[in-house]
Every structure is written in structure tokens, then in C-alpha cells.
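For reference, the structure is listed below as C-alpha cells.
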Amino acid sequence: MLTAKLGNDLMLKLPDECKSICKPGSEFIVGTSGDMLLLKPIRKPIWECAREIPDPDQPTLEEIDEIVHEVRREMREKKDGK
């Protein structure tokens, strides 16, 4: 069984063997059972992981700005032409 150390700041130092299960910033569900402390890593749903992957086809902010200006210009011209 592995051991962890709790510091004065209540930070729990996990052994290196836990690196495959969690990484810095990981969140856990915490529970107790008798005198045991239970930690279960919270896994992100796959759709949240997918959001973190950049889309190479997504337009830049400059391109979006240009599209918005073009659409507004066309709408003004259509309105003024009536």
C-alpha cells in the first residue's frame, strides 16, 4: 500500500505512482468510510475533452468581424434600396 503526506496547509502529497491516475489540478470526489479517506478522480465527459481540441477550420476573430461587417453592409443596402 502507498502512503501520502498531509502538510500544514492541508495539501495532500500523493506518491509518484499516482501520476497515471491524476495530474496537478485534477479534481476528486472525497468521501469517508470509518477511518478511511476515499478519493475518486472526476473524469471529464468526452464532449468536454472534445471542446478543448482546437478546430483548424474555425474562423479567426478578424474573419468573423469582417463577415459581420459585410452582412450588416448588405442589410443596410437592402433596406436603403426599398
*Report, ordered by chain and residue number, the lysines lying within cross-link reach of Lys5, taken as a straight Cα distance under 19 Å and ignoring same-chain residues fewer than 8 apart.*
Lys13, Lys19, Lys23, Lys40
*Quick one: Karplus J couplings for region 15-28, per residue in order, coefficients 6.51, -1.76, 1.60, θ = phi - 60°, nearest Hz, x for Gly and Pro?*
x, 4, 5, 7, 4, 6, 9, 8, 9, x, x, 4, 10, 10
*Residue-wise, which Karplus ³J(HN,Hα) couplings in Hz belong to region 51-58, taking 6.51 cos²θ - 1.76 cosθ + 1.60, θ = phi - 60°, and x for glycine or proline?*
5, 7, 7, x, 9, x, 8, 5
*Please give the length that would be gained between Glu17 and Val30 if that part of the chain were fully extended, namely 0.36 nm times their separation in residues minus their C-alpha to C-alpha distance (nm, one decimal).*
2.7 nm
*Work out, step by step, the length gained on full extension between Arg73 and Leu6: first 0.36 nm times the residue separation, then minus their alpha carbon distance; give nm to one decimal.*
17.9 nm
*Subtracting the Cα-Cα distance from 0.36 nm times the residue separation, let me have the gained length for Glu66 to Trp47 in nm, one decimal.*
3.8 nm
*So, how do all the Cα-to-Cα distances of the chain break down into 10 Å bins, in percent, from 0 on up?*
12, 26, 16, 13, 12, 11, 7, 2
*Theoretical ellipticity at 222 nm over the chain - DSSP helices of four or more residues, -39500 (n - 2.57) apiece, nearest 500*: -10500 deg cm²/dmol
*Cα centroid distance between region 42-70 and region 1-23, in Å?*
35
*List the relative contact order of region 5-81 as a percent without decimals, with contacts defined as Cα pairs under 8 Å and 6+ residues apart.*
14
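Quick note: the coordinates plus some simple rules give every number you see, no bench work behind them. Computed from a predicted model, the values in this text were never measured in an experiment.
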